[in-house]
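Asker: What follows is a structure written as structure tokens; I'll ask about it next.
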Amino acid sequence: MTLFSANLGFLWTELSLPDAIRAAKVAGFDAVECHWPFDTPAQDVKAALDETGLPMLGLNTRRGNLSQGENGLAALVGREVDARTAIDEALAYADEIGAKCVHVMAGFASGEEARQTFIANLTYACKAASQLGKTILIEPLNRHDAPGYFLQTTDQARDVIEHVGEANLKLMFDCYHIGRTEGDVATRAEELLPFIGHVQFASVPDRGPPDHGELDYWFVFTAFDSLGWTAPLGAEYKPNGDTDATLGWMKTLR
């Protein structure tokens, strides 16, 4: 049976993070994940996880200066101190709540110097994460939603992973972003399987629930099952209104 994780960066956003965890449990999710939980005391999140028995799969590093439109720091030349502070913060929070992964956000950058900066910061992150038994994730974002983001394709991500050369650096395989930029999602999943650390999904192109759009998620989820993928798949979609009213897909796509 396919397992699902609720991404609480998009689902039940009207609730506090602990209450969103409880809502995910009631809705039948097998795990949870989040974006930037740092304004919520870690002990409150841990209590909700313990109460529900749901694992927290992962969280993101901070985006940086939001007033300046930043969306990650790790590929920004000259911001290495800020990037590594964000990495340390995310790893510490993840360790306190028992989260398995930290997604290190690259940010808006381009060029070889940015690539080398990203690789150096990821090497730092992986070595710090290995001391805690954590995995570092990187995620290509599509050019429509995040124009100018450093990491845009799975080929680029694989290149970075291979150059870093750390066993705990993996790809966040987001079917939505890959569907928007590259297509052929099931084939890409098969080709990239050794590099994948987590899978997310949403409809293409509107990023809604996975019951409509260009991607047939029955086909996609069956493909992951045939590849031997058993970890929860992350529902990172934007509900149009009440989250609970959008969950009919869970029954049809199990």
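The values are calculated or read from the model by the stated rules, or taken from the named source; none is laboratory data. Computed from a predicted structure; not experimentally measured. Cβ atoms come from the backbone with ideal geometry, glycine included; neighbour counts cover every protein chain shown. Just so you know, the surface numbers come from the protein's heavy atoms only, side chains and all, with ligands and any DNA or RNA stripped out. Shrake-Rupley method; radii C 1.70, N 1.55, O 1.52, S 1.80 Å.
Asker: Tell me, what ³J(HN,Hα) does each residue in the range 206-220 have, in order and in whole Hz, if you take phi through Karplus 6.51 cos²θ - 1.76 cosθ + 1.60 with θ = phi - 60° and put x for Gly and Pro?
Answerer: Calculated HN-Hα couplings, in order: 8, 6, x, x, x, 9, 7, x, 6, 8, 8, 6, 4, 5, 5 Hz.
Asker: Which whole-Hz ³J(HN,Hα) couplings does the range 112-122 yield from phi under the Karplus relation 6.51 cos²θ - 1.76 cosθ + 1.60, θ = phi - 60°, glycine and proline marked x?
Answerer: My calculation for the range 112-122 gives 5, 5, 5, 4, 5, 5, 4, 4, 5, 5, 5 Hz in order.
Asker: Take every DSSP beta bridge whose two residues both sit in the range 46-190, then give the antiparallel share in percent to the nearest 5.
Answerer: About 20 percent, rounded to the nearest 5.
Asker: Counting heavy atoms of the protein chains only and a 1.4 Å probe, report the per residue accessible area for the chain as a whole number of Å². Intermediate results must be reported in sequence, preceding the final value.
Answerer: Values: 10710 Å² over 254 residues.
Per-residue accessible area for the chain comes out at 42 Å².
Asker: Could you derive backbone 3J(HN,Hα) for the range 10-25 from the dihedral phi with the Karplus parameters 6.51, -1.76 and 1.60 (θ = phi - 60°), listing whole Hz in sequence and x where the residue is Gly or Pro?
Answerer: My calculation for the range 10-25 gives 10, 9, 6, 6, 6, 9, 5, 4, x, 6, 5, 4, 5, 5, 5, 5 Hz in order.
Asker: Here is a further query. Share of the range 1-86's accessible area from carbon and sulfur, percent, 1.4 Å?
Answerer: Carbon and sulfur: 50 percent of the exposed surface of the range 1-86.
Asker: Pop out the Kirkwood hydrodynamic radius of the range 89-159 from its pairwise C-alpha distances, inverse of mean 1/r, in Å to one decimal.
Answerer: 13.0
Asker: Let me spell out the model: positive unit charges on the Cβ of Lys and Arg, negative unit charges on the Cβ of Asp and Glu, origin at the Cα centre of the range 118-254. What dipole size does that give, in debye rounded to 20?
Answerer: The calculated dipole for the range 118-254 is roughly 400 debye.
Asker: Once amide H atoms are placed 1.01 Å from N in the peptide plane, what residues at a sequence separation of 5 or more from Asn71, or on another chain, have their amide H within under 5 Å of its amide H?
Answerer: Phe108
Asker: Taking the Cα centroid of the range 175-254 and of the range 22-46, what is the distance between the two, rounded to the nearest whole Å?
Answerer: Between the Cα centre of the range 175-254 and that of the range 22-46, the gap is 20 Å.
Asker: Check cross-link reach from Lys46 to the lysines: straight Cα distance under 16 Å, and skip same-chain residues fewer than eight apart.
Answerer: Excluding near neighbours in sequence, the set is Lys25, Lys100.
Asker: Sticking with this one: Using 0.36 nm per residue, how much length does the chain from Gln116 to Asp95 gain when fully extended, once their Cα-Cα distance is taken away?
Answerer: 4.8 nm
Asker: Here's a follow-up. Calculate how large, on average over all directions, the projected area of the Cα convex hull of the chain is; give the answer in nm² to one decimal. Don't jump to the answer; show the numbers that get you there.
Answerer: Details: hull surface 49.7 nm².
Hull-based average projected area comes out at 12.4 nm².
Asker: Let me ask something else about it. So in the chain, what percent of DSSP beta bridges are antiparallel if you round to the nearest 5? Walk me through the intermediate numbers first.
Answerer: Numbers: 2 of 24 bridges.
The antiparallel proportion sits near 10 percent.
Asker: While we're looking at this one, here's another question. Amide H neighbours of Leu3 under 5 Å, at least 5 residues apart or on other chains, H built in the peptide plane: list them.
Answerer: Leu233
Asker: Shifting gears a bit: Would you mind calculating the gained length between Glu162 and Asp19 on full extension (0.36 nm times residue separation, minus the Cα-Cα distance), in nm to one decimal?
Answerer: 47.6 nm
Asker: Next question, about the same structure. Name the long-range amide H neighbours of Trp12: under 5 Å, sequence gap of 5 or more, or other chain; modelled H, no Pro or chain starts.
Answerer: Residues meeting the criterion, in which the H sits 1.01 Å from N, are Thr243.
Asker: Of Ile21, Leu215, Asn121, which is farthest on the positive side of the dipole of the chain, counting Cα position, with +1 on Lys and Arg Cβ, -1 on Asp and Glu Cβ, and the Cα centre as origin?
Answerer: Asn121
Asker: Arrange the residues Trp218, Trp229, Trp249 by how much accessible surface each exposes, largest first, with a 1.4 angstrom probe.
Answerer: Largest accessible area first, the list is Trp218, Trp229, Trp249.
Asker: By the gyration tensor of its Cα atoms, with a ≥ b ≥ c the square roots of the eigenvalues, what is the shape of the range 111-254: rounded for a/c under 1.5, prolate for a/b over b/c, or oblate?
Answerer: Verdict is prolate for the range 111-254.
Asker: OK, next. To the nearest 20 Debye, how big is the dipole of the range 1-159 about its Cα centre, given +1 on the beta carbon of each Lys and Arg and -1 on that of each Asp and Glu? Intermediate results must be reported in sequence, preceding the final value.
Answerer: Working: 13 positive and 21 negative charges, 49 e Å.
Taking the Cα centre of the range 1-159 as origin, the dipole is about 240 debye.
Asker: Right, here's the next one. Kindly provide the helix-only [θ] at 222 nm of the chain, computed as the sum of -39,500 (n - 2.57) over DSSP H runs of four or more divided by all residues, to the nearest 500 deg cm²/dmol?
Answerer: Working: 9 runs with 100 residues, N = 254.
Here the helix-only value at 222 nm equals -12000 deg cm²/dmol.
Asker: Next question. Counting only other residues whose beta carbon sits under 13 Å from that of Arg22, what net charge do I get with K and R as +1, D and E as -1? Spell out each step's value before the answer.
Answerer: Details: positive: Lys25; negative: Asp19, Asp44, Asp50, Glu51, Asp244.
After counting each charged neighbour, the total is -4.
Asker: Can you send over the carbon and sulfur percentage of the accessible area for the range 107-245, probe radius 1.4 Å, protein chains only? Kindly include the intermediate steps, with their values, before the conclusion.
Answerer: Values: 2890 of 5910 Å².
Its accessible area is 49 percent carbon and sulfur atoms.
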